[in-house]
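Visitor: Here it is, the structure, as structure tokens.
Read-outs throughout are calculated quantities, based only on the coordinates presented, and are distinct from any laboratory measurement. Source: prediction; values computed, not measured. Positions of Cβ are backbone-derived with ideal geometry, glycine not excepted, and every protein chain shown enters the neighbour counts.
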Amino acid sequence: MKFQLAINMERIAPNTDMKDVARHTLEMVQMADQGGFEIVWAAEHHALEMTIAPNPFQILTWWAAHTDRIRLGTGVVVAPYWHPIDVAGEAALLDLYSGGRLEFGIGSGAYQREFDRMHAGLKQSDGWRYMQEMLPVVKALWAGDTEHDGEFWSFPTATSVPKPLQQPHPPIWVAARAPVSFDYAVAQGCNIISWPLTRPMSEAELYKARLDEAMAKSPDSQRPTFAMMRHTALYDCTEDWEVPVQAAQRALGQFENLFKNLGDVENGFPKQIALTELANRDEYNPRMLHDNLMFGTPEEVISKLKPYKELGVDHFTYYASLGLGIAEQKRSLELFINEVMPAFTDTGSQQAAQ
């Protein structure tokens, strides 16, 4: 199993210095680069301090200049907010600047609040239609001259300038949870990244079943690389288990505000919802968060990761941040690199079996 890092520049409260956040994020990416992570992902979000990512291409170009080998993923470009010619050119330019390290992730968008500002009148639930129209067009632009007359975009003959360094194109990823997304990704030859949120292992098993069903519908398709993302936080002592849980509860209270589109956001900071008042409050029970998320000592995390490997997950995506302090985030990643990842290399696995 290989490893990826997903990290955002994140401010949970206005008293956090933005310069410290930027420096910390880059240092985490550099740790992942030196520690053997395969890919690092930059998201796209707008007008939210908890995920400061207005342009993933710009973020990844910044990281490319300060890393050596780690691959650089858009996780993800939100199709309804872009024009295909923009996306094709921006992505190809990043691939060129980074020496061919781009992993191109595309998706449909997360929060209705963002749609209301970035694409007024569009329902978040319809975003997938834009993604499915955009991806073939971007691939055609990377290949050469093409014209397009579609439902959402139309333009005369154009091409991507520059062209991607990787040919015929960079690896493509689709964020998938629903069956329609798995079916589309497999049929289009895309890799898949899934996120079970705070739900138990049974949710990960459901996504693997959806991948298997999609493969059965497209028997001639090559099996995609299958990645699974979980919020991750490691610590030295079992007594510290509540530290990341409490941080997660604070951040998830803000996420719930966004998912429910309550509009209670002041100067980019969503108000934290009282999780105890939610109908789905059981999803935020402290012990449940500890058990379902990749929280624990290195030994506990190794034990939690093994079922993912056995399930057929090719890449585990370490989702950092989630309200955890800067020092705690650094220690967590250090423990993961030094004590967890070696257990999943060929050498480490052989030693563990002996």
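Visitor: At 7 Å along the Cα-to-beta-carbon direction for both residue 260 and residue 96, put a label point, then send me their distance in nm to one decimal.
Guide: 4.8 nm
Visitor: With +1 on each Lys and Arg Cβ and -1 on each Asp and Glu Cβ, and nothing else charged, work out how big the dipole of region 290-341 is about its Cα centre, in Debye to the nearest 20.
Guide: 100 debye
Visitor: For residue 105, enumerate residues with amide H under 5 Å from its amide H, sequence gap 5+ or separate chain, H modeled in the peptide plane.
Guide: Those lying under 5 Å, H to H, from residue 105 are 74, 77, 173.
Visitor: Based on the Cα gyration tensor of region 34-84, what are the three equivalent ellipsoid semi-axes, each the root of five times an eigenvalue, rounded to whole Å and given largest first?
Guide: 22, 12, 10
Visitor: On the Cα set of the chain, report Rg and Dmax in Å, please.
Guide: Taking only Cα atoms of the chain, I get Rg and Dmax of 19.9, 63 Å.
Visitor: Could you tell me how many cubic angstrom of Cα convex hull volume region 6-47 has per residue?
Guide: Looking at region 6-47, the number lands at 67 Å³ per residue.
Visitor: For region 2-353, give the magnitude of the charge dipole about the Cα centre (Cβ charges: +1 Lys/Arg, -1 Asp/Glu; no others), in debye to the nearest 20.
Guide: 200 debye
Visitor: Okay, moving on. Farthest toward the dipole's positive end in the chain, which of 25, 61, 303, given Cβ charges of +1 (Lys, Arg) and -1 (Asp, Glu) about the Cα centre?
Guide: 61
Visitor: Would you mind working out the magnitude of the charge dipole of region 15-100 relative to its Cα centre, with +1 at each Lys and Arg C-beta and -1 at each Asp and Glu C-beta, to the nearest 20 Debye?
Guide: Dipole of region 15-100, to the nearest 20 debye: 80 debye.
Visitor: How far is helix 242-259 tilted off the main Cα axis of the chain, in degrees rounded to 10, range 0 to 90?
Guide: Rounded to the nearest ten degrees, it is 30.
Visitor: Here's a follow-up. Within region 191-208, name every residue whose backbone N is under 15 Å away from a label modeled 7 Å from Cα of residue 285 along the Cβ vector.
Guide: So the set is 198-202.
Visitor: Moving to a separate point now. Short version: ³J(HN,Hα) in whole Hz for each residue of region 135-147, in order, from phi by Karplus 6.51 cos²θ - 1.76 cosθ + 1.60 (θ = phi - 60°), x for Gly and Pro, what are they?
Guide: Once rounded to whole Hz, the list reads 4, x, 5, 4, 4, 5, 5, 5, 7, x, 5, 8, 10.
Visitor: While we're here: Restrict the search to region 223-267; then list the trypsin sites (Lys or Arg not before Pro) that DSSP places in a loop and that have at most 16 other Cβ atoms within 10 Å of their Cβ.
Guide: The qualifying sites are 260.
Visitor: Follow-up. Hey, what do the phi angles of region 162-175 turn into as Karplus ³J(HN,Hα) couplings, whole Hz, using 6.51/-1.76/1.60 and θ = phi - 60°, x for Gly and Pro?
Guide: Ordered by residue, 3J(HN,Hα) equals x, 8, x, 5, 7, 10, x, 6, x, x, 10, 10, 10, 6 Hz.
Visitor: Any chance you could list P(r) for region 7-96, counting all Cα-Cα pairs in 5 angstrom bins from zero, rounded to whole %?
Guide: Per 5 Å bin, starting at 0, the Cα pair percentages come out as 3, 14, 25, 23, 18, 12, 5, 1.
Visitor: Rounding to the nearest 10 and keeping the result within 0 to 90°, find how far the Cα-based axis of helix 18-35 lies from the longest principal axis of the chain.
Guide: 90 degrees
Visitor: Please state the relative contact order of region 218-347 as a whole percent: Cα pairs under 8 Å, 6+ residues apart?
Guide: 43 percent.
Visitor: Additional query: To test your reading of the geometry: what angle, between 0 and 90 degrees and rounded to tens, separates the Cα axis of helix 201-217 from the longest principal axis of the chain?
Guide: Taking Cα atoms only, the helix is inclined about 30 degrees.
Visitor: Which of the listed residues, 112, 172, 201, is farthest toward the dipole's positive end in region 112-238, when Lys, Arg count +1 and Asp, Glu count -1 at the beta-carbon?
Guide: Going by the Cα projections, it comes out as 201.
Visitor: May I pose another question? Beyond 30 Å between alpha-carbons counts as too far, so tell me which of 304/330; 2/271; 163/304; 260/309 fall in that bin.
Guide: Beyond 30 Å between Cα atoms: 2/271; 163/304; 260/309.
Visitor: A follow-up question, please. Helix-derived [θ] at 222 nm for the chain: sum -39500 (n - 2.57) over DSSP H runs of at least 4, divide by residue count, nearest 500?
Guide: It lands at -13000 deg cm²/dmol.
Visitor: Just name one of 43, 185, 253: the one whose Cα is farthest towards the positive end of the charge dipole of the chain (beta-carbon charges, Lys/Arg +1, Asp/Glu -1).
Guide: Toward the positive end, the furthest listed residue is 185.
Visitor: Taking only C-alpha pairs under 8 Å that are 6+ residues apart, what is the relative contact order of the chain in percent?
Guide: 18 percent
Visitor: Only sites in a loop by DSSP and with at most 12 other Cβ atoms within 10 Å count here; which trypsin sites (Lys or Arg not before Pro) in region 91-130 make the cut?
Guide: Passing sites in region 91-130 are 123.
Visitor: Out of residues 5 or more away from residue 230 or on other chains, whose amide H comes under 5 Å of its own, with H placed 1.01 Å from N in the peptide plane?
Guide: 317, 319
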